[in-house]
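Structure first, commentary second.
Just so it is clear, none of the values below were taken in a lab; they were calculated from the coordinates. Note that the structure is a prediction, hence the values are computed from the model and not measured. Positions of Cβ are backbone-derived with ideal geometry, glycine not excepted, and every protein chain shown enters the neighbour counts.
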Amino acid sequence: MVSGYPDTMSLIATDSLSAEPLDALRELALSEVELDELRWNQIAAARDAGVSWAQVGEALGISRQSAWEYFTRRAREEVAANVEANSSLSEEEAMNLAVEEVRSSRRSHRNR
C-alpha cells in the first residue's frame with residue numbers, strides 16, 4: 001500500500017527482486033522506465049478525455065504546474081532534438097516545418 005493511497009495495487013513484487021542489491025536496482029530502474037511510460041500514457045488519456053491539469057496534478061499528488069511540466073517534458077525534448085538534427089534549416093524553413101507539424105497534430109486530434 002502506498003502511503004496516502006488506500007487499496008492501491010503494487011506493481012513490483014518485492015519478493016521477486018534479486019537478493020543481490022545491484023541486480024535489484026537494475027530491475028527497479030527498468031520498472032521505473034515502464035512506469036514512466038504508463039504514467040505518461042494515462043495523463044494523455046485523461047487530457048484527451050477533458051480532464052484539467054489541476055485534476056491530473058491532484059491524482060498524481062503534485063501541483064497542476066508540475067503535472068503540466070512532467071507531461072510536456074517529452075515534447076520539449078523532441079523539439080530540442082529536432083532543432084539539433086535540423087540546424088541547417090533557415091528560419092523560414094524551420095517555421096514552415098513547425099507549422100506543418102502543428103497542423104498535422106491538430107488533424108490527428110480531430111480525427112480521434
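Between N82 and M95, the contour length at 0.36 nm per residue exceeds the Cα-Cα span by 3.4 nm. Applying the Karplus relation 6.51 cos²θ - 1.76 cosθ + 1.60 with θ = phi - 60° to segment 27-42 yields 3J(HN,Hα) values of 4, 5, 4, 5, 5, 5, 4, 5, 4, 4, 5, 4, 4, 4, 5, 6 Hz, where x marks Gly and Pro.
Do the sum for the chain: with -39,500 (n - 2.57) for every DSSP H run of n ≥ 4, divided by all residues, what is the mean residue ellipticity at 222 nm, to the nearest 500 deg cm²/dmol?
-24000 deg cm²/dmol
Pulled fully out, how much extra length does the chain show between Q65 and A44, if you take 0.36 nm times their separation in residues and subtract their Cα-Cα distance?
Gain on stretching Q65 to A44: 6.0 nm.
Take the Cβ atoms of L28 and H109, set R0 to 30 Å, and the FRET efficiency comes out at 0.30.
Charge dipole (Cα centre; +1 on Lys/Arg Cβ, -1 on Asp/Glu Cβ; no other charges) of segment 18-110 amounts to roughly 600 debye. Per the Debye calculation on the chain with a single equal scatterer at every Cα and no solvent contribution, log₁₀ I(q)/I(0) for q = 0.12, 0.15, 0.17 Å⁻¹ amounts to -0.67, -0.91, -1.04. Rounded to two decimals, the Cα radius of gyration of segment 56-112 over 2.2 N^0.38 Å is 1.47. Along the axis of the charge dipole computed for the chain (Cβ charges of +1 for Lys and Arg, -1 for Asp and Glu, origin at the Cα centre), the listed residues S18, F71, A46 are led at the positive end by A46.
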